[in-house]
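Enquirer: Please see the structure below; I have some questions.
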Amino acid sequence: MTTATETKQTDRLAVGTPLLEVRDLHVEFRTRDGVAKAVNGVNYSVAAGETLAVLGESGSGKSVTAQTIMGILDMPPGRITQGRILFRGEDMLAMKEEQRRRIRGRKIAMIFQDALSSLNPVLSVGYQLGEMFRVHEGASTTWA
């Protein structure tokens, strides 16, 4: 059994190790009209404590890149043709879905810019934010 202290120690990165590294990422979509290259050679590295802002025109590949990193890109029609995504030094593209699911939401997450796809208006914001703790930490929905 792993204690909270042990988990925090193993979660620390070695000095100089990027938290997230995207290397030469290429993503395309096959359409009736041919192949649409949505992401063409994206590279960046983010260290723990750093913030990265991704800016670009509509259709420039920002959302496709983020969905690919999270492992939530619909494939097909999307297809990763090249590149690596390293989270804490581990290649996320080589991971089994179960491994990615343990990371997604607990260690790495995203909030979509479209509010209707981000939050459910029927549920309270607090309930939705607490979902990560219920799913990954076994927290209860009851209040003390």
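The values are calculated or read from the model by the stated rules, or taken from the named source; none is laboratory data. Remember, predicted model here, so these are calculated numbers, not experimental data. Reconstructed Cβ throughout: ideal geometry from the backbone, glycine too, with neighbour counts over all protein chains shown.
Enquirer: Any idea which residue in the range 68-123 is surrounded by the fewest Cβ atoms within 10 Å (Cβ to Cβ), counting only those that are more than 18 Å from PRO18 (Cβ to Cβ) and among the β-branched types (Val, Ile, Thr)?
Expert: This residue is VAL122.
Enquirer: Does GLY59 meet the test of being on the phi > 0 side of the Ramachandran plot and surrounded by fewer than 13 Cβ atoms within 10 Å (Cβ to Cβ)?
Expert: Considered against the rule, which asks whether it is on the phi > 0 side of the Ramachandran plot and surrounded by fewer than 13 Cβ atoms within 10 Å (Cβ to Cβ), GLY59 comes out as yes.
Enquirer: Now, a different point. Tally the residues that are over 10 Å from GLY61 (Cα atoms), surrounded by 12 or more Cβ atoms within 10 Å (Cβ to Cβ) and not aromatic (Phe, Trp, Tyr), restricting the search to the range 29-40.
Expert: Residues in the range 29-40 being over 10 Å from GLY61 (Cα atoms), surrounded by 12 or more Cβ atoms within 10 Å (Cβ to Cβ) and not aromatic (Phe, Trp, Tyr): 2 in total.
Enquirer: GLU50 - would you say it is touching a Leu at 6+ places or on another chain (Cβ under 9 Å), of a type outside the set (Phe, Trp, Tyr) and surrounded by fewer than 11 Cβ atoms within 10 Å (Cβ to Cβ)?
Expert: yes
Enquirer: Looking only at residues in the range 123-144 that are polar (S, T, N, Q) and either in a loop (DSSP other than H, G, I, E, B) or touching a strand residue (DSSP E or B) at 6+ places or on another chain (Cβ under 6 Å) (or both), which one is modelled with the lowest pLDDT?
Expert: THR142
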